[in-house]
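Colleague: Here it is: the structure, laid out below.
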Amino acid sequence: MKVILINGSPNENGTTNKALLEISKSLNEVNIETEIIYLGRLPINDCLACGACDKLNKCVIDDCVNKVALKCKDADGFVFATPVYYAHPSGRILSFLDRLFYSQGEYLAYKPVASVTVARRGGQTTSFDVLNKYATINHMPIISANYWNMVYGRNPSEAEKDFEGLDTMKNLGKNMAWILKCIKAGEEKGIKHPENKNRFTNFINN
């Protein structure tokens, strides 16, 4: 089994990465493979709403979104992590997730996911809420821990002092591992995820 962890920070080795390393370590201890994917500092285009992905089965913009999507196809679980900017996730991870879910959401559906936010002080809960909404529109079980999945610290050194936050990350990894193993055990017994219908309604009166 494998979990992909997305680092939505422009800083590859900042507090966001510190949180992901704690989760990764917890997963590795129970023999679950992990890969932390740093989105880099290059611009990530927003969705163009062109609809081309319906025909191409990938985003028309050929950048990291399509490359990561191929990895998502074979992954069993995910963690989306972001720093907090003005009480919202980074624009980088929002553009990435908008296009990933819209163009290739089938690669993520029914797979467990956790959202993680890091901040110096405030804006965590609103950012956490935004990330979780991607999961709840795509049949993805959300993994929780003993507290909201948040770490405090302006840099990794400060985050080291957030003992509760780092413990939350460790527990998050344990809970992710448990759910993944439960899903695998169910599949071995012939239990598969449900086949759900999608019905769209526009709130317009004719």
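The values are calculated or read from the model by the stated rules, or taken from the named source; none is laboratory data. In this text, all values refer to a predicted model and were calculated from it rather than measured experimentally. Note: ideal-geometry Cβ built from the backbone for every residue, glycine included; neighbour counts use all protein chains shown. Ligands, DNA and RNA are excluded from the accessible area calculation, which covers all protein heavy atoms including side chains. Shrake-Rupley method; radii C 1.70, N 1.55, O 1.52, S 1.80 Å.
Colleague: Among the candidates Phe96, Phe80, which residue alone is of a type outside the set (Val, Ile, Thr), open to solvent by less than 50 Å² (accessible area, probe 1.4 Å), outside any helix (DSSP H, G or I) and touching a residue at least 12 places away in the same chain (Cβ under 8 Å)?
Modeller: None of the others qualify; the one that does is Phe80.
Colleague: If you don't mind, another one. When both residues are 6+ apart or on different chains and their Cβ atoms are under 7 Å apart, which pairs have a first residue that lies in the stretch 122-134 and is over 16 Å from Val151 (Cβ atoms), and a second that is surrounded by 18 or more Cβ atoms within 10 Å (Cβ to Cβ)?
Modeller: Listed pairs, sorted by first residue: Val130/Pro89; Asn132/Ser115; Tyr134/Leu97; Tyr134/Phe101.
Colleague: Oh, and also: Anything in the stretch 106-124 that is open to solvent by less than 20 Å² (accessible area, probe 1.4 Å) and part of a helix (DSSP H, G or I)? List them, or say none.
Modeller: Answer for the stretch 106-124, where residues must be open to solvent by less than 20 Å² (accessible area, probe 1.4 Å) and part of a helix (DSSP H, G or I): just Gln124.
Colleague: Find all pairs meeting these conditions: Cβ atoms under 7 angstrom apart; at least six residues apart or on different chains; first residue within the stretch 31-55 and surrounded by 18 or more Cβ atoms within 10 Å (Cβ to Cβ); second residue assigned to a loop (DSSP other than H, G, I, E, B).
Modeller: Within 7 Å, the pairs are Ile32/Met1; Tyr38/Glu12; Leu39/Gly8; Ile44/Asp63; Cys53/Cys59; Cys53/Val60.
Colleague: Another question about this same structure. Limited to the stretch 145-165, what total is found for residues that are open to solvent by less than 70 Å² (accessible area, probe 1.4 Å), within 30 Å of Glu106 (Cα to Cα) and either assigned to a helix (DSSP H, G or I) or among the polar types (S, T, N, Q) (or both)?
Modeller: Matching residues across the stretch 145-165 total 1.
Colleague: Residues that are over 15 Å from Tyr110 (Cα atoms), of a type outside the set (A, V, I, L, M) and exposed (fewer than 11 other Cβ atoms within 10 Å of the Cβ): does the stretch 167-184 have at least one?
Modeller: Among the residues of the stretch 167-184, not one is over 15 Å from Tyr110 (Cα atoms), of a type outside the set (A, V, I, L, M) and exposed (fewer than 11 other Cβ atoms within 10 Å of the Cβ), which makes the answer no.
Colleague: How many of the residues making up the stretch 115-146 are more than 22 Å from Pro43 (Cα to Cα) and touching a Gly at 6+ places or on another chain (Cβ under 8 Å)?
Modeller: Of the residues in the stretch 115-146, 3 are more than 22 Å from Pro43 (Cα to Cα) and touching a Gly at 6+ places or on another chain (Cβ under 8 Å).
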